[in-house]
Amino acid sequence: MQPEDTTLLFRLSEILAGPTAYTIGDVASMIERNGIYSWDRYGRFQCFHPESEPAQKALNLLAKLYELHNDPDLHPRYDFSDIDYELSCFCWPEHHFPDFVALKESQQIQPVKPKQSISGLIKTENASLAIIRGLLMYIKGEFEEVEAHPHFKSEKQLREFLDQQMVGFSGCASRNLADKFKLANQLIRKSEA
């Protein structure tokens with residue numbers, strides 16, 4: 001597919017040099033999201049996905065350009081014509097020009113959500129430990145009219161069983177369960193406090 005003669009191409013070199021407020025970072029973000037158009041080694045015009053070699057080349061050129069612009073020793077006397085030429089080989093056709101406005105809006109700094117208070121964290125942890133203690137007491141048969149689970153032998157056996165069966169669930173490793181069981185067993189009922 002070749003671009004038609006009437007198709008307007010927005011070349012990276014022109015986008016960065018134009019009167020718009022597109023930064024090198026903006027252009028890099030768009031390539032990472034949408035890919036970039038260029039010509040393959042056979043002269044075919046096409047869109048290259050972000051992980052492709054041509055897209056990575058465009059990103060590397062942008063990184064080099066950023067580095068050169070921010071190096072006070074190089075910038076004033078560096079000839080940018082070579083890098084500009086290479087960037088001109090990458091473009092977006094008019095009908096696929098990225099939405100830079102949406103990009104800017106998505107990059108707005110979001111207000112920081114207040115962290116849960118320490119007392120809230122302690123209450124949540126204590127509630128979890130109380131649930132663990134209740135389940136342990138139930139499995140052991142420590143409630144009236146409840147018999148111990150027929151397969152329960154010890155907390156160690158239960159920890160090892162859960163460690164094997166709950167693979168993929170974070171927090172179920174035998175060492176962590178030992179700590180949780182210990183803390184749960186140390187809980188004091190409110191009525192006893």
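Read-outs throughout are calculated quantities, based only on the coordinates presented, and are distinct from any laboratory measurement. What you are looking at is a predicted structure, and each value in this text was computed from that prediction instead of being measured.
Relative to the current alpha-carbon distance between residue 144 and residue 81, full extension at 0.36 nm per residue lengthens the span by 14.1 nm. Backbone amide hydrogens, once placed in the peptide plane, bring residue 89 within less than 5 Å of nothing, excluding anything fewer than 5 places away on its chain. Proximity of backbone amide H atoms, modeled 1.01 Å from N, is registered between residue 10 and 92, 94 at under 5 Å, excluding neighbours fewer than 5 places apart on the same chain.
Calculated from the alpha-carbon coordinates, region 9-106 shows an Rg and a Dmax of 13.4, 40 Å respectively.
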